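Q: Supplied in structure tokens, the structure appears directly below.
The values are calculated or read from the model by the stated rules, or taken from the named source; none is laboratory data. Because the structure is predicted, anything quoted here is derived from the model rather than measured. Ideal geometry is used to build each Cβ from the backbone, glycine not excepted, and the neighbour counts take in all protein chains shown. For accessibility, only protein heavy atoms count, side chains too; no ligands or nucleic acids. Shrake-Rupley method; radii C 1.70, N 1.55, O 1.52, S 1.80 Å.
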Amino acid sequence: MSNTQPVRSALLWQVVIWALFALVIAVLPYIFTSSSSISMMSQMGVFIIFALSYNMLLGEAGMLSFGHAVYFGLGGFFTLHAMRGVNDGVWSFPLELMPLVGGLGGLAFGIIFGSISTRRAGVTFAMITLGIGSMVESSANMFTDFFGGESGISGNRVLDVTLLPFSYGPSVQVYYLIGAWTVIAALLMYLLTKTPLGRISNAVRDNPERAQFVGYNTTIVRFMQFSLSGFFAGVAGGLFAIMFEIMAAPNVGLVQSGMVLLMTFIGGIGAFFGPIIGAVFVTYMHTALSGFSEGWILYFGLLFVFMVMYAPGGIAGVISAHFAPWRAGLMHRLLPGYALALVPALLAIAGLVGVVEMGYQLSLAYDPSQPIDLFYMQVNATSLVAWLVALVVLAGGIAGVLAAARVVRARWADVNRAMATTGEGT
């Protein structure tokens, strides 16, 4: 009886969390009502599925892939061809289930390419996926009947065949379709982590030699996880095709594969909710930064380097690290150090943005002497004073962050000692 109660309590919490997840998705359009916000939230739903599917490889099975966009893109292409077939009267299939077409396409090629790539692990596996990704991306410009060449292929998501009385022309209807699939796909991937395959995949990730010693075929485990990951990536690609009604070669390319790696790693591969956070964060930052600066990819690269060096557990790892101090009632000891680091961190970011934006203005602008808008000011990139100010702010901010970091480390040491004394950290 004593063992049953904690299990029921944990199960109840999981049900509540998933219900809240679905509720948040349902109410967001009532809070953010603009068409641009709904479009961005739809993209977040698509990339949540995509990032979680990638985490099935990297986080759950320890497989670093550089070609995961292959299954995302192919799923989208298959979905668009299926939609065009329905519009042409070739066959009949409801739009709500079209992501399954993408999923089956991703699964089929996950089986084909997975049978080759999962025979190896580690760096060799990563290089094979890189080669497959390059091969498929180059093939997209060769097989024009399927990929449409450089312009890609387009379709119309407004079909005569639907399960519900919606046309799916308005973006909010597409949002709810994507939201429903996001909840379903995320829940299925979460439940998969609780199955024997999910547990064995973790064992293969952590210690493949030991897993093989106790009787598991690590190649088959990796292959099964790889194939299922391709299915969910294909579902995400199908939803992407429904939303944008167009697919092109870059959707199967290395840049798209790099983006999902960025989402998953920044969010954190150590927790299931990490890729969800990463997909939301990166999608929002991509939308915001791409409209603000031509150097948005540089900012993402710098953020990725920073996360690898100082927060390898991602955003989810940072959040999880604070659970124990919060439960022990010791968060108040950490907050002053964070407050001390906030101002110099903002100064460092401001200086970095100034240097990057002025550098892009000098290198890419037709008239570099034309002032640019930066922090509600007109800044001349050809001015030596502007460069000196930006560099001084950047250097001062970095120096301040390094000084504050010593305070933060001292306070963490104090908190860890206090938890060790009370036994809260164990």
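Q: For segment 206-233, enumerate the residues that are farther than 26 Å from Leu74 by Cβ, open to solvent by 30 Å² or more (accessible area, probe 1.4 Å) and assigned to a helix (DSSP H, G or I).
A: The answer is Asp206, Pro208, Glu209, Arg210, Gln212, Phe213.
Q: Right, here's the next one. Among the residues of segment 87-108 satisfying the criterion of being open to solvent by 10 Å² or more (accessible area, probe 1.4 Å), part of a helix (DSSP H, G or I) and at pLDDT 95 or above, which is nearest to Asp160 (Cα to Cα)?
A: Only one residue fits best here, namely Glu96.
Q: OK, next. Filtering segment 129-150 down to residues that are of a type in the set (A, V, I, L, M) and out of contact with any Phe, Trp or Tyr (no Cβ under 9 Å at 6 or more places or on another chain), which residue is nearest to Gly110 (Cα to Cα)?
A: Met135
Q: Any chance you could count how many residues in segment 203-250 are of a type in the set (Lys, Arg) and within 18 Å of Leu52 (Cα to Cα)?
A: So the answer is 2.
Q: Where residues in segment 144-170 are open to solvent by 50 Å² or more (accessible area, probe 1.4 Å) and polar (S, T, N, Q), which of them is farthest from Ser35 (Cα to Cα)?
A: Looking at the filtered set, the residue picked out is Thr144.
Q: Is it the case, given these coordinates, that Gly291 is out of contact with any strand residue (DSSP E or B) (no Cβ under 9 Å at 6 or more places or on another chain), in a loop (DSSP other than H, G, I, E, B) and open to solvent by 50 Å² or more (accessible area, probe 1.4 Å)?
A: no
Q: Would you point out the residue of segment 319-329, among those that are free of Cβ contacts under 8 Å to residues at least 60 places away in the same chain and on the phi < 0 side of the Ramachandran plot, that is most open to solvent (accessible area, probe 1.4 Å)?
A: Trp326
Q: Select from segment 330-366 the residues that are open to solvent by 70 Å² or more (accessible area, probe 1.4 Å), free of Cβ contacts under 8 Å to residues at least 60 places away in the same chain and not β-branched (Val, Ile, Thr) and list them in ascending order.
A: His332, Leu335, Leu342, Leu346, Leu347, Leu362, Ser363, Tyr366 - these are the residues of segment 330-366 that are open to solvent by 70 Å² or more (accessible area, probe 1.4 Å), free of Cβ contacts under 8 Å to residues at least 60 places away in the same chain and not β-branched (Val, Ile, Thr).
Q: Okay, next question. Among Gly425, Gly396, which is the only one that is surrounded by 15 or more Cβ atoms within 10 Å (Cβ to Cβ) and either modelled with pLDDT under 85 or not aliphatic (A, V, I, L, M) (or both)?
A: Exactly one of Gly425, Gly396 is surrounded by 15 or more Cβ atoms within 10 Å (Cβ to Cβ) and either modelled with pLDDT under 85 or not aliphatic (A, V, I, L, M) (or both), namely Gly425.
Q: So which of Ile49, Ile25, Ile111 is in a helix (DSSP H, G or I) and surrounded by fewer than 17 Cβ atoms within 10 Å (Cβ to Cβ)?
A: Of the residues listed, the single one that is in a helix (DSSP H, G or I) and surrounded by fewer than 17 Cβ atoms within 10 Å (Cβ to Cβ) is Ile111.
Q: Taking Tyr310 as meeting all but one of (1) surrounded by 13 or more Cβ atoms within 10 Å (Cβ to Cβ); (2) within 30 Å of the chain's Cα centre (by Cα), write down the number of the exception.
A: Here Tyr310 clears every test but (1).
Q: Any residue at all in segment 172-188 that is more than 28 Å from Val24 (Cα to Cα) and out of contact with any Lys or Arg (no Cβ under 9 Å at 6 or more places or on another chain)?
A: no
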